[in-house]
């Protein structure tokens with residue numbers, strides 16, 4: 001059973017629209033949640049982190065966490081072609097500190 | 001502020017050889033993590049070092065090993081290289097091991113021929 005699951009995509013989004021990415025995790029004790037963006041052939045870049053239930057906004061990005069339902073989501077508003085990348089969800093649980101569990105990633109393609 | 005730096009950027013080795021990859025964390029970070037990302041696959045956790053000690057290890061054979069130096073830099077050693085070890089090796093660092101955000105270096109692309 002995969003510990004962190006994401007839809008692989010690709011998720012095609014028109015320029016200017018909202019991209020919605022979802023991630024579910026299996027460890028109910030997870031406490032730290034991260035979204036990374038990875039361009040092809042490059043290393044992951046941290047774009048959002050969230051530790052508490054609810055929404056967290058940073059510029060065009062909003063992370064949403066619901067621990068009861070064990071999911072975390074990322075919204076990208078006003079999507080731009082430069083947002084085309086793979087988005088990785090990562091989760092850290094107390095019983096495995098330091099071992100960030102990554103999902104396989106969702107590929108987002110923003111079309112002009 | 002300098003980010004996480006890794007060297008070399010690219011490394012080509014022959015099957016059976018040893019590879020050494022290096023990582024310098026962000027200043028002030030004491031934790032270093034190593035991940036393997038094979039082509040088209042997800043990130044697989046290799047090792048976590050904090051304050052010079054190995055704190056956690058992923059499901060990799062013992063020929064994958066490493067260490068962390070007093071200045072918190074780290075190296076990853078892969079012995080008896082196999083073709084399937086070809087991958088992007090990523091190093092990340094953070095404050096307070098495992099409890100805060102981790103930032104990645106640019107990676108080392110290891111090719112085993």
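Measuring r between the beta carbons of residue A:22 and residue B:106 and using R0 = 35 Å, the FRET efficiency lands at 0.75. To the nearest 0.05, what FRET efficiency results for residue B:11 and residue A:68 with a Förster distance of 35 Å applied to their C-beta separation? Computed FRET efficiency for residue B:11 and residue A:68: 0.15. Given R₀ = 45 Å, FRET efficiency for residue B:53-residue A:15 by Cβ-Cβ distance, to 0.05? Calculated value: 0.40.
Of all the C-alpha pairs in the protein assembly as shown, what % are more than 32 Å from each other?
In whole percent, the long-distance tail amounts to 18.
Put simply, chain B fits an ellipsoid with semi-axes of 22, 14, 13 Å; these come from the alpha carbon gyration tensor as the roots of five times its eigenvalues, largest first. Put a dot 7 Å past the Cα of residue A:109, heading toward its Cβ, do the same for residue A:40, and the two dots end up 1.0 nm apart. Remark: spin-label model distance residue A:60-residue B:67 equals 4.6 nm, labels positioned 7 Å along the Cα→Cβ axis.
Spatially, region A:35-60 and region B:1-63 are offset by 21 Å when compared through their Cα centroids.
For residue B:41 and residue B:60, calculate 0.36 nm times their separation in residues minus their Cα-Cα distance, and state this gained length in nm to one decimal.
On the way: separation 19, 0.36 × 19 = 6.84 nm, distance 1.56 nm.
Extending this stretch completely gives an extra 5.3 nm.
We did not get these values from a lab; they are worked out from the coordinates using the rules stated. In this text, all values refer to a predicted model and were calculated from it rather than measured experimentally. Positions of Cβ are generated from backbone atoms using ideal geometry, with glycine treated the same way; all protein chains shown enter the neighbour counts.
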